[in-house]
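The values are calculated or read from the model by the stated rules, or taken from the named source; none is laboratory data. This is a predicted model, so every value here is computed, not measured. Glycine gets a Cβ as well: all are built from the backbone with ideal geometry, and neighbour counts include every protein chain shown. Keep in mind that these areas ignore ligands, DNA and RNA; they rest on the heavy atoms of the full protein, side chains included. Shrake-Rupley method; radii C 1.70, N 1.55, O 1.52, S 1.80 Å.
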Amino acid sequence: MILLNPKHHTRPYPDGRSREIMLKTIAFFEAKGKRRLKEDDRKRVWYADFIEFQRGEGLFATLLTPPPYGEGDARWDTWRNCEFNEILAFYGLAYWYTWQVSILGLGPIWMSPNEEAKRKAAALLRDGAVFALGLSERAHGADIYATEMALAPQPAGAYRANGEKYYIGNGNTAPMVSTFGKIVGSDEYIFFTADYRHRSYELIRNITDSQSYVANFALHDYPVTEADILSRGPAAWDAALNTVNIGKYNLGWASIGICTHAFYEAINHAAGRRLYGMAVTDFPHVRQMFTDAYARLVAMKLFALRAGDYLRVASPADRRYLLFNPTVKMKVTTQGEEVINLLWDVIAAKGFERDMVFEMAARDIRALPKLEGTVHVNIALIVKFMANYFFAPAEYPPVPTVDDPRNDDFLFAQGAARGLGKIQFHDYNLAYGLYDVPNVAAFREQIRVFKTLLATATPDEAQQKDTDFLLALGELFTLVVYGQLILENANLYGVDDDTVDQIFDFMVRDFAKYALQLYSKPGSTPAQMALCLTMIRKPVVDAARYDRLWRDSVYALRGLYEMNP
Ligand SMILES: Cc1cc2nc3c(=O)[nH]c(=O)nc-3n(C[C@H](O)[C@H](O)[C@H](O)COP(=O)(O)OP(=O)(O)OC[C@H]3O[C@@H](n4cnc5c(N)ncnc54)[C@H](O)[C@@H]3O)c2cc1C
């Protein structure tokens, strides 16, 4: 079974420590139980118990310390971290968030040439510390060029930092807040660490009303010495973008964890509820919604796992992850919203109840598309790859499932963040040839028409500057990339034809939906509109396949998992 089931966690791990981490984390939450989990959420209790648990077990130290600085099985292993991501989010986004912002905070540290800072971070990890990334500012959103945190030069290479940061997770308790600023009197960027305990660090408030502490903090003449500086100039800029490259990938896993728990709650409830003398799961539309939610969730996981493989084999000569990562970020997280929408329509009032994890899921699933760059920012990034993806494929050696226990060195040596337009991809047709099922064939047809549109009714200069038009185009392109990696991974994991055909049933429908959106854009030309209409297709109906999938894969999940009370 591809979905996480904490009560039956038999996934193979390459080493005992990895298995121990996952099983102990599951045991921690199951021992805490649903009642307390919900109560802490309701009362916005800071998750000190979880931080204490991770400190005691050395979890972040093992999972987030690269080998030269860590001990034993410590390594930064994306495959292993995905597992941990999924488990944390399964139990609650807040627990995931303190881990996620620690990852973000450690990014500029492990990317830095400052050995002293790295040794300090490793020691703090051993002591159970959490970390923070101070990138965002209140007035600037995605526009980090406009950073106002100002470092005034002092004698002997020191600085005084002044300014505010906003939306900084763990900013209340991180001894090393990786903070992004600019050197006064120049356009030079700088990354340095600030300690929340310093008297020049003013913790202003928690911006959110949640279990997490998302800080607004100010530095007032905060003294920054050489020992605190992580990077400067283009290296600091690259560290900011490259850190987000790592972090944004995890957002997809948060959505997967949330949706999986919500799915179990929904199917358990619906299968046990009787209306008009029959089970709710006997309604045809309920079956359709569950089957769709299931297919979308499996697709989310197949895609995110596969994108992880490309992240782990990345090198200066293979930067395909720069397309696949933002796709995890924008597509997997928005699919998560879709899954929750479908499930909520089924379980209706139950989804509001105070003793349901679902009620948290319905709220939290909305966060993931919006953090670390909105969906728009990521589609705007994704479309930069479109021309090479369709018209200039390159040869690469095949990429297997990369689940071996090794440190992902390249993540902290990604190099300059520019040159995206030069990146080439392997031919997507290879993946689309892996499954001979009707809905993959229908989707291939849609892709063919879309490629014809790009080649013969190419968006003109005005359309390419119109982000509204470009975003609609980007949604169609994203679906092609999404389908490619889903197929590659379905093949690697031996996913059956029925499941793949059901996944491409929604892919065909979604492609048609976005084609209609592009058609409807004010700027679309008659030639583009005609081609858009040709992209509108109905999935191939196969009642027997649908019934099998419902019975053997979807309805079969009822009663399999229920969190301890
Ligand atoms: C709960 C929470 C926790 C957070 N944690 C952290 C943290 O720990 N550290 C940290 O540094 N930050 C953190 N952030 C900040 C967050 O990552 C950013 O604020 C967010 O990615 C951008 O959202 P914004 O509201 O500032 O959007 P804005 O950047 O203000 O965007 C406004 C609108 O313009 C669009 N837009 C902006 N730029 C572009 C573009 N280039 N192309 C197309 N459309 C564009 C957006 O899509 C949006 O619709 C956190 C935020 C929240 C809410």
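Overview of results
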{"item": "In segment 67-117, the residues that are among the basic types (Lys, Arg) and touching a helix residue (DSSP H, G or I) at 6+ places or on another chain (Cβ under 7 Å)", "result": "Arg80"}
{"item": "Enumeration of residues in segment 150-181 that are open to solvent by 20 Å² or more (accessible area, probe 1.4 Å) and away from the ligand (no atom under 15 Å from the Cβ)", "result": "Ala150, Ala152, Pro153, Gln154, Pro155, Ala156, Gly157, Ala158, Tyr159, Arg160, Asn162"}
{"item": "Helices (runs of 4 or more DSSP H) (entirely within segment 347-411) containing at least 1 residues that are over 17 Å from the mean Cα position of the chain (by Cα), within 16 Å of the ligand (Cβ to nearest atom) and within 25 Å of Leu93 (Cα to Cα)", "result": "357-364"}
{"item": "Condition met for Ala314 (of a type in the set (Gly, Ala, Ser) and closer than 23 Å to Phe469 by Cβ)", "result": "no"}
{"item": "Checklist (1) assigned to a helix (DSSP H, G or I); (2) crowded, with 24+ Cβ neighbours inside 10 Å; (3) in contact with a strand residue (DSSP E or B) (Cβ under 7 Å, 6 or more places away or on another chain) applied to Phe263, failing item", "result": "(3)"}
{"item": "Thr208 being surrounded by fewer than 18 Cβ atoms within 10 Å (Cβ to Cβ) and within 11 Å of the ligand (Cβ to nearest atom)", "result": "yes"}
{"item": "Given (1) within 30 Å of Thr333 (Cβ to Cβ); (2) in contact with a strand residue (DSSP E or B) (Cβ under 6 Å, 6 or more places away or on another chain); (3) within 15 Å of the ligand (Cβ to nearest atom), number of the condition Leu219 does not satisfy", "result": "(1)"}
{"item": "Residues satisfying the stated conditions in segment 414-432, i.e. among the small types (Gly, Ala, Ser) and modelled with pLDDT of 95 or more", "result": "Ala431"}
{"item": "Residues being under 17 Å from Thr260 (Cα atoms) and not small (Gly, Ala, Ser) - total across segment 76-114", "result": "12"}
{"item": "Exclusive hit being over 24 Å from the mean Cα position of the chain (by Cα) and either at pLDDT 95 or above or within 19 Å of Val177 (Cβ to Cβ) (or both), set Ala74, Ala129, Ala89, Ala122", "result": "Ala122"}
{"item": "Residue within segment 126-141 that is crowded, with 24+ Cβ neighbours inside 10 Å and more than 14 Å from the ligand (Cβ to nearest atom) present", "result": "no"}
{"item": "Count of residues meeting criterion [of a type outside the set (Ser, Thr, Tyr) and either touching a strand residue (DSSP E or B) at 6+ places or on another chain (Cβ under 9 Å) or open to solvent by 20 Å² or more (accessible area, probe 1.4 Å) (or both)] in segment 308-345", "result": "10"}
